[in-house]
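The values are calculated or read from the model by the stated rules, or taken from the named source; none is laboratory data. Bear in mind that the values here come from a model prediction, so they are computed numbers and not experimental data. All Cβ positions, even for glycine, are placed from backbone atoms using ideal geometry, and neighbour counts span all protein chains on display. Only protein heavy atoms, including side chains, enter the accessible area calculation; ligands, DNA and RNA are left aside. Shrake-Rupley method; radii C 1.70, N 1.55, O 1.52, S 1.80 Å.
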Amino acid sequence: MNPTIETERLLLRPWRDTDASDALAIYGDEEVTRWLTPAMAWVPDVQTRHDVLRKWQDQDVAPVSHWAVERRDTREIVGGAAVLRLAPWEDLELGWQLARPAWGHGYATEAGDAVARWALHRGGVQEVFALVSPGNDRAVATARRIGMEWIGETDQYHQQKLELYRIRHDDLAYCEICETEEPADRG
Ligand SMILES: CC(C)(COP(=O)(O)OP(=O)(O)OC[C@H]1O[C@@H](n2cnc3c(N)ncnc32)[C@H](O)[C@@H]1OP(=O)(O)O)[C@@H](O)C(=O)NCCC(=O)NCCS
């Protein structure tokens, strides 16, 4: 079971079967899914969405995780966040998605930052990536706000040409969710 991660305004918690309608409001919107890889593809109805949530729950073995992103004040599900394995490689990809009404409040930055910190401090990996489709300017801005750096263009993953961003363990000075001081060594 994925851990629950609390940030200033958000709660990242495991998806539940009862979240299918809320999840459909996010992933049933082609403006959201058009930017996502096949594992996050658009689905048409609540039942199919329910089955996908079940599949995510079954797949999740840390550090691979899928979270529902809830606002702490209203308990509304505003999006999703994930750490995914870039099979057949060992590399890990961060993902974040928001329902359109939730764009423009910094929720993706807040959730993405928390997930990056979790993966790098608890997942036992030195680096994590984000893969952004050309033209997805909002995702690029979010990746940069999280502190990810542009590595280049790649067609190594998902059989698509994608922009590769990366953040490394040593880029993070302090892990609030780990509550330990970890001095950054930037060489
Ligand atoms: C990518 C996506 C999650 C970005 O959403 P977003 O709302 O633009 O990003 P953030 O949540 O980081 O919010 C940033 C915006 O909120 C504003 N903001 C307000 N309060 C803020 C705060 N406390 N902290 C940071 N930004 C804040 C920023 O100024 C920025 O505004 P701008 O877009 O006018 O420049 C969203 O567009 C989406 O779901 N897209 C489809 C799925 C997708 O592409 N996922 C990524 C695949 S790699």
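Which ones in the range 114-165 are polar (S, T, N, Q), outside any strand (DSSP E or B) and more than 12 Å from the ligand (Cβ to nearest atom)?
At the first step, the residues of the range 114-165 found to be polar (S, T, N, Q) are 126, 133, 136, 142, 154, 156, 159-160.
With the extra rule that they be outside any strand (DSSP E or B), the set shrinks to 126, 133, 136, 142, 156, 159-160.
Correct list: GLN126, GLN156, GLN159.
Return a yes/no flag: does the range 42-52 have any residue that is among the polar types (S, T, N, Q), surrounded by fewer than 23 Cβ atoms within 10 Å (Cβ to Cβ) and either closer than 18 Å to ARG166 by Cα or within 16 Å of the ligand (Cβ to nearest atom) (or both).
Among the residues of the range 42-52, not one is among the polar types (S, T, N, Q), surrounded by fewer than 23 Cβ atoms within 10 Å (Cβ to Cβ) and either closer than 18 Å to ARG166 by Cα or within 16 Å of the ligand (Cβ to nearest atom) (or both), which makes the answer no.
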Among helices (runs of 4 or more DSSP H) completely within the range 1-90, the ones holding 3 or more residues that are not charged (D, E, K, R) are 20-27, 46-59
Within the range 129-160, restricting attention to residues that are under 21 Å from ARG34 (Cβ atoms) and β-branched (Val, Ile, Thr), which residue is surrounded by the fewest Cβ atoms within 10 Å (Cβ to Cβ)? THR154
Restricting the first residue to the range 31-43 and requiring it to be over 13 Å from ALA99 (Cα atoms) and β-branched (Val, Ile, Thr), which pairs with a second residue that is modelled with pLDDT of 75 or more and surrounded by fewer than 16 Cβ atoms within 10 Å (Cβ to Cβ) meet a Cβ separation below 9 Å and a spacing of at least six or different chains? THR37/GLN160; VAL43/ASP51
Within the range 78-107, residues within 17 Å of VAL128 (Cα to Cα) and open to solvent by 30 Å² or more (accessible area, probe 1.4 Å) come out as ARG85, ALA87, PRO88, TRP89, GLU90, ASP91, TRP96
Yes or no: ALA68 at pLDDT 95 or above and surrounded by 14 or more Cβ atoms within 10 Å (Cβ to Cβ)? yes
